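Shown next, in structure tokens, is the structure this report addresses.
The values are calculated or read from the model by the stated rules, or taken from the named source; none is laboratory data. Model, not experiment: these values are computed from the prediction. Every residue, glycine among them, receives a Cβ derived from its backbone with ideal geometry; neighbour counts consider all protein chains shown. Heavy atoms of the whole protein, side chains included, go into the accessibility calculation; ligands, DNA and RNA do not. Shrake-Rupley method; radii C 1.70, N 1.55, O 1.52, S 1.80 Å.
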Amino acid sequence: MTPHLSLAALADPARRKDLAHILKQAKSVVAITGAGVSAESGISTFRGAGGYWEKFRAEDLASPRGFTKDPELVWRWYNERRIAILNSQPNPGHFALAALEKAFPSFLLVTQNVDGFHGQAGSEKMVEIHGSIWELRCTREGKIWTDRQIFETLPVYCACGALARPNVLWFGEAYNPNLFHQAQQAASRADLILVAGTSGMVWIVAGLLQAHYQHQSQGQVIEINLEASDLTPEVDLLLQGPSGQILPLILALLKNEDQT
Ligand code: APR
């Protein structure tokens, strides 16, 4: 049974000392994030109570077939998400991860999130493995550009007259091989993996952990989540609580700044 440490348990100095020791040993770190890291910025997650997939069918909104069937519906959904993100901002979890990037000799953030909050918070060593909601791609030319406006007219078209689509990964599409290789290489070399705010329901997280386990018998995988997830049985430790509180605590422990 994977050990769980709640925020309350982390108030115990002995437990903080143990966690700080694990963190300070790490030389090469990969952080993998999901929608839960943006939840405290007020952005809906996909699964669980109130999540997008509780109200909509993922296949209708986040798939090539759904887009072909009703591009306006898909653009309406992405435009609403863009508005929600523009009306929000990164939370302490995002800023802590941007600081953690500089706290280890080697660090890579692999995010499933497309909201851009990690970049806004200052993360630079980052792979947006599911793309960016702020990028558009021409469905005819494949040209990619950034556009942060709220679109008044939907669906959105490229200047060439063809439909534009959000440059994000949809169900049934292949991962960008370069981004996947970069993430997989980092995971296989990491001696510490932090997995925060993800249900692990989409293959990429399990795939990266598998790459890690195949190469690192002594590595540590620490999960940060409100609750146990599909990943929990295969990680070394679950830090149970909001990532917006736990990630800053991890940073504080690493820098000996935790005031117990
Ligand atoms: N702190 C930590 N974890 C949280 C918080 C929080 N404040 N709020 C929610 N969570 C956890 C939930 O318990 C859940 O395990 O975040 C996770 C969110 O899971 P999902 O909604 O499935 O989101 P994610 O794992 O990112 O989904 C992966 O699926 O639909 C696709 O492309 C989409 O990138 C997405 C992928």
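Quarter the surface of the alpha carbon convex hull of segment 29-71 and you get the mean projected area, 4.3 square nanometres.
Solvent-free Debye calculation, one equal scatterer per alpha-carbon of segment 8-161: log10 I(q)/I(0) at 0.13, 0.18 Å⁻¹ equals -0.72, -1.18.
For segment 102-152 versus segment 187-260, the spacing of their alpha-carbon centroids is 21 Å. Assign one of three labels to segment 113-172, namely rounded, prolate or oblate, based on the Cα gyration tensor with a ≥ b ≥ c the square roots of its eigenvalues; rounded applies when a/c is under 1.5, prolate when it is not and a/b is larger than b/c, and oblate otherwise. Prolate, because a/c is 1.5 or more and a/b exceeds b/c. Per-residue 3J(HN,Hα) values for segment 92-106, derived from phi via the Karplus relation 6.51 cos²θ - 1.76 cosθ + 1.60 with θ = phi - 60°, read x, x, 5, 5, 5, 5, 5, 6, 4, 4, 9, 9, 10, x, 9 Hz in sequence order (x marks Gly and Pro). Straight-line cross-link reach from LYS17 at under 17 Å between alpha-carbon atoms covers these aspartates and glutamates, not counting any fewer than eight positions away in the same chain: ASP236, GLU257, ASP258. Accessible surface area normalised per residue over the chain is 46 Å², counting heavy atoms of protein chains with a 1.4 Å rolling probe. Net charge around HIS130, counting only other residues with Cβ within less than 11 Å of its Cβ (Lys, Arg = +1; Asp, Glu = -1)? Result for the local shell: -3.
With the gyration tensor restricted to C-alpha atoms of segment 161-260, the semi-axes of the equivalent ellipsoid amount to 28, 18, 14 Å, longest first.
A Förster distance of 45 Å, applied to the separation of the beta-carbon atoms of GLN25 and GLU173, puts the FRET efficiency at 0.75.
Local charge for GLU223 was computed over the other residues whose Cβ lies under 13 Å away, with Lys and Arg +1 and Asp and Glu -1, and equals -4. Please check which bits of segment 10-49 a label hung off ALA103 would reach, taking the label as a point 7 Å along Cα-to-C-beta and the cut-off as backbone N under 15 Å. Residues passing the 15 Å test: 16-32. Considered as an equivalent ellipsoid built on the Cα gyration tensor, the chain has semi-axes of 34, 18, 17 Å, the largest given first.
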